[in-house]
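Here is the structure we will look at.
The values are calculated or read from the model by the stated rules, or taken from the named source; none is laboratory data. Source: prediction; values computed, not measured. Heads up, the Cβs are rebuilt from the backbone with ideal geometry, glycines too, and the neighbour counts pull from every protein chain shown.
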Amino acid sequence: MKLKKWALSLLAILMIASFNAPAFAEEEEAIVEVEDGVLSNNRVLIPLRVVSSNLGGDIKWYPEDRYIQINTKEKEILLAVNFKNARVNDTIIPTDSPVLLIGGVTYVPLKFVSQVFGAKLNWDGEHKQATIRSNGQTVVVHVQSDESRITDSLKISQARLILLSEKLNETSKLSEIKHIQTYFKPYFTEKLIGSILGGQELQNEWIQYDVPENSVYYTSSTTGTLSQSFVLGNTLTGESHYVYDRNIVLVYREGVWKVNQIKFAYRTIPNLGYDR
């Protein structure tokens, strides 16, 4: 009898314990916090390497030619700095803004991650953070606005930016311009004009850059950078493009934005569907 009572008591204790014990929660998904997102000219840009590597991509960066190769189990993805198009296997996919290189970090538009990786996106404007979810992995990107460096009222207007780009194009025809110093003074600093008169390398006459697609990246309230690219043509195999870059430093002087420095560079990038 005592054994039976002991058994019943033990059963009751086990039943009570089973009702009161917390249910085992499903394993929580891994969350990675990233601090160096960028909000520039209302575009949400995210660091490619940090995001892609956490979503299962194997990334290779080619620094001299400034392009990226990403390999996943199903895809090979190719992108290049200053260009909107991405090549996914044999398909060209346009994105809503170019790939940018800022402070040595490669940035892509937030939408790119959804287009190419099939990730789910959420943008929290109040807290300025983007959440990216894919295959049980979550990446939270905290975005820094360029408002901390410059107010909207001081930013260069698109009209002024286009005008400066056009004036830089005109430096390819210096022989046709009289009084070069006077002509370029409203647009270029004395430092740049002096460099041009001193024989600085300039673009060929047949190279004319289009309206800038890239955002100006403001390094302070009075300085900014802009990079433009011109596709010279395809290589003999057609698998790559020859590209000519124009890298510009802008300064705010006497109430107006001017070009303070230009540098040019040649490179070769994968064929991203651009033809000349």
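Within the option set K173, K178, being over 25 Å from the mean Cα position of the chain (by Cα), in a loop (DSSP other than H, G, I, E, B), more than 19 Å from L226 (Cα to Cα) and not assigned by TED's automatic domain parsing to the domain that holds S52 holds for one residue only, K178.
Is it the case, given these coordinates, that P109 is under 21 Å from Y209 (Cα atoms) and either of a type in the set (A, V, I, L, M) or at pLDDT below 90 (or both)? So P109 does not fit the description; no.
Restricted to region 43-93, the set of strands (runs of 3 or more DSSP E) holding at least 3 residues that are at pLDDT 90 or above and buried (at least 20 other Cβ atoms within 10 Å of the Cβ) comprises 67-71, 76-80. Considering region 206-220, the residues that are in contact with a helix residue (DSSP H, G or I) (Cβ under 6 Å, 6 or more places away or on another chain) and within 26 Å of I150 (Cα to Cα) include one that is surrounded by the fewest Cβ atoms within 10 Å (Cβ to Cβ), namely V211. Listed conditions (1) touching a strand residue (DSSP E or B) at 6+ places or on another chain (Cβ under 6 Å); (2) surrounded by fewer than 16 Cβ atoms within 10 Å (Cβ to Cβ); (3) within 30 Å of V251 (Cα to Cα) are all met by S97, apart from (2).
Restricting region 119-159 to residues that are over 30 Å from V251 (Cβ atoms) and of a type in the set (G, A, S) leaves a set whose member that is modelled with the highest pLDDT is A130.
The rows are residues; the columns are (1) within 19 Å of the chain's Cα centre (by Cα); (2) buried (at least 17 other Cβ atoms within 10 Å of the Cβ).
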site	(1), (2)
T237	no, no
V243	yes, yes
N247	yes, no
V256	no, no
R267	yes, yes
P270	yes, yes
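In region 226-235, which residue that is at negative phi and in a strand (DSSP E or B) is surrounded by the most Cβ atoms within 10 Å (Cβ to Cβ)? Filtering first and then ranking leaves S229.
Take N271 and decide whether it is more than 21 Å from I177 (Cβ to Cβ), touching a Ser or Thr at 6+ places or on another chain (Cβ under 9 Å) and either without any contact (Cβ under 8 Å) to a residue 40 or more places away in the chain or among the hydrophobic types (A, V, I, L, M, F, W, C) (or both). Judged against the criteria, N271 is not a match.
V251: of a type in the set (A, V, I, L, M), modelled with pLDDT of 95 or more and either within 16 Å of I156 (Cβ to Cβ) or crowded, with 16+ Cβ neighbours inside 10 Å (or both), yes or no?
yes
Look at K128 and say whether it is surrounded by 15 or more Cβ atoms within 10 Å (Cβ to Cβ) and of a type in the set (K, R). The answer is yes for K128.
Of all residues being of a type in the set (D, E) and touching a residue at least 12 places away in the same chain (Cβ under 8 Å) in region 155-205, which is surrounded by the fewest Cβ atoms within 10 Å (Cβ to Cβ)? Just the residue, please. Applying the filter and picking the extreme gives E201.
Go through (1) under 27 Å from V81 (Cα atoms); (2) assigned to a helix (DSSP H, G or I); (3) among the β-branched types (V, I, T) for I207 and report which single condition fails. Evaluating I207 over (1) under 27 Å from V81 (Cα atoms); (2) assigned to a helix (DSSP H, G or I); (3) among the β-branched types (V, I, T) leaves (2) as the failure.
Quick one: would you say Q261 is touching a strand residue (DSSP E or B) at 6+ places or on another chain (Cβ under 6 Å), buried (at least 18 other Cβ atoms within 10 Å of the Cβ) and under 27 Å from Y62 (Cβ atoms)?
When the stated conditions are applied, Q261 does not pass them.
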